[in-house]
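*Asks:* Got a structure here, written out as structure tokens. Questions coming.
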Amino acid sequence: MKLYSVSDGPPSLACRQALKALNIDYILVDVNYGKGEHMTDEYAKLNPQKEIPVLVDGETVMGESNAILQYLCDMYDKSGSLYPKDPKARAVVNHRLCFNLAMYYRNISEYVMAPIFFDYERTSLGLKKVNMSLDVFETYMKTLKSTYSAGDNLTIADFPLITATMCLEAIDFKLTPWPLVEKWYENFKIKHPDLWEIAADGLREIAAFEKNPPDLSHMDHPIHPVRKINK
């Protein structure tokens, strides 16, 4: 098994957490984002979307981190501890995965990551979207009254939500106004230090890039405008 991953990418880090939690041996293939290795024709053969991560398991090749998380558990988590087999419990996990993809990480990424790597500014509207996302997450935690994001046990829903929240910590964004989210986040660090360390590596990289943004002016990105850095 191989995981094509970017070292500070929250979706990649979430997949690495799942592989660690499932104790699966795999080859980690580092995709150099700064050099544009994900934009090559060779990489497009693995993922026409040219996005990271990509999992290769025998003849199975797939992108989309949520699909990778679900596949890994369906194939290798026979106990169902990380991805419950009960339809109602699984529905909550699926919901949190969708919530992260559609709102939570989307808004955090636009506010935190895009201005670091591309020619975007952090705006009051972007901050409002992040606050709204945290308000919703806080409501879910309050309604569920659980230790983890989708219940009383760790599930794959926690991995992408943790790695998304990690981006906020990287820019010193405080979670104090959202005490249940903050408690969940800090609890994960304490209870799962080996899994947290995977995210912490990404945190350190993003925090460093926040202070010294990388120069990607050599990259011809088809979607995002590339910022010119004066040196």
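*Asks:* So between ALA89 and ASP25, what do we pick up on full extension, going 0.36 nm a residue minus the alpha carbon distance?
*Replies:* Residue separation times 0.36 nm, minus the Cα-Cα distance, leaves 20.3 nm.
*Asks:* While we're here: Quick one: with all protein chains in place, what share of the accessible area of the chain is carbon or sulfur, to the nearest percent (1.4 Å probe)?
*Replies:* Carbon with sulfur: 53 percent of the solvent-accessible area.
*Asks:* Something else about it: So how many Lys-Lys pairs in segment 1-96 land under 24 Å Cα to Cα, not counting same-chain pairs under 8 apart?
*Replies:* Close lysine pairs under the 24 Å cut-off: 10.
*Asks:* Rounded, prolate or oblate: which fits segment 1-137 when a ≥ b ≥ c are the square roots of the eigenvalues of the alpha-carbon gyration tensor, with rounded for a/c under 1.5 and prolate only if a/b beats b/c?
*Replies:* Oblate.
*Asks:* Only Lys, Arg, Asp and Glu count, each charged at its Cβ (+1, +1, -1, -1), so figure out the dipole size of segment 1-55 about its Cα centre, rounded to 20 debye.
*Replies:* For segment 1-55, the charge dipole is close to 120 debye.
*Asks:* Run the reach check for LYS128 against lysines, Cα to Cα strictly under 17 Å, same-chain hits fewer than 8 apart removed. What comes back?
*Replies:* LYS174
*Asks:* Here's something else I'd like to know. Per residue, what accessible area does the chain have, given a 1.4 Å probe and all protein chains present, in Å²?
*Replies:* Normalised by residue count, the accessible surface of the chain is 50 Å².
*Asks:* Mind sorting out which of (1) 23.4, 67; (2) 18.5, 57; (3) 17.4, 56 is the real Rg and Dmax of the Cα atoms in Å computed from the coordinates?
*Replies:* (3)
*Asks:* Name the residue, out of ILE68, ILE198, ILE190, whose mean-square fluctuation peaks in a Gaussian network model built on the chain with Cα pairs under 10 Å.
*Replies:* ILE190
*Asks:* Let me ask something else. With the cut-off at 19 Å, report for segment 155-210 the share of all Cα pairs above it, as a whole percent.
*Replies:* Summing the P(r) tail past 19 Å for segment 155-210 gives 22 percent.
*Asks:* Share of Cα-Cα pairs in segment 59-104 beyond 14 Å, in percent?
*Replies:* More than 14 Å apart: 53 percent of the Cα pairs in segment 59-104.
*Asks:* Considering the dipole of the chain built from charges on the beta carbon (Lys and Arg +1, Asp and Glu -1) around the Cα centre, which of LEU46, THR143, ILE171 is farthest to its positive end?
*Replies:* Result: THR143.
*Asks:* Beta carbons within 10 angstrom, averaged per residue: use that to sort the peptides 166-176, 35-45, highest first.
*Replies:* Result, highest mean first: 166-176, 35-45.
*Asks:* So, one more: Which of the aspartates and glutamates could a cross-linker bridge to LYS191, judged by Cα under 17 Å and excluding same-chain residues fewer than eight apart?
*Replies:* LYS191 reaches ASP152, ASP158, GLU182.
*Asks:* With a/c under 1.5 counting as rounded, go ahead and sort segment 114-171 into rounded, prolate or oblate using the C-alpha gyration tensor (a ≥ b ≥ c being the square roots of the eigenvalues; past the cut-off, prolate if a/b is larger than b/c, else oblate).
*Replies:* The shape class here is oblate.
*Asks:* Here is a further query. Stretched out fully, how many nm does the piece from ASP152 to ASP194 gain, at 0.36 nm a residue minus the Cα gap?
*Replies:* This chain segment gains 13.2 nm when fully extended.
*Asks:* Can you give the charge dipole size of the chain about its Cα centre, rounded to the nearest 20 debye, using +1 on the beta carbon of Lys and Arg and -1 on the beta carbon of Asp and Glu?
*Replies:* 600 debye
*Asks:* Still on this structure, please answer the following. Applying the Karplus parametrisation 6.51 cos²θ - 1.76 cosθ + 1.60 with θ = phi - 60° to the phi angles of segment 20-34, what ³J(HN,Hα) value in whole Hz is obtained for each residue in order, glycine and proline being reported as x?
*Replies:* Coupling constants for segment 20-34: 5, 4, 8, 6, 9, 6, 7, 9, 8, 9, 7, 9, 7, 5, x Hz.
*Asks:* When the Kirkwood hydrodynamic radius is evaluated over all pairs of different C-alpha atoms of segment 64-170, what value in angstrom, to one decimal, is obtained?
*Replies:* It is 14.6 Å.
The values are calculated or read from the model by the stated rules, or taken from the named source; none is laboratory data. Note that this is a predicted model, so its numbers are computed, not measured. Here Cβ is always computed from backbone atoms with ideal geometry, including for glycine, and neighbour counts include all displayed protein chains. Ligands, DNA and RNA are stripped out before the accessible areas are found, and what is left, the full protein with its side chains, is counted by its heavy atoms. Shrake-Rupley method; radii C 1.70, N 1.55, O 1.52, S 1.80 Å.
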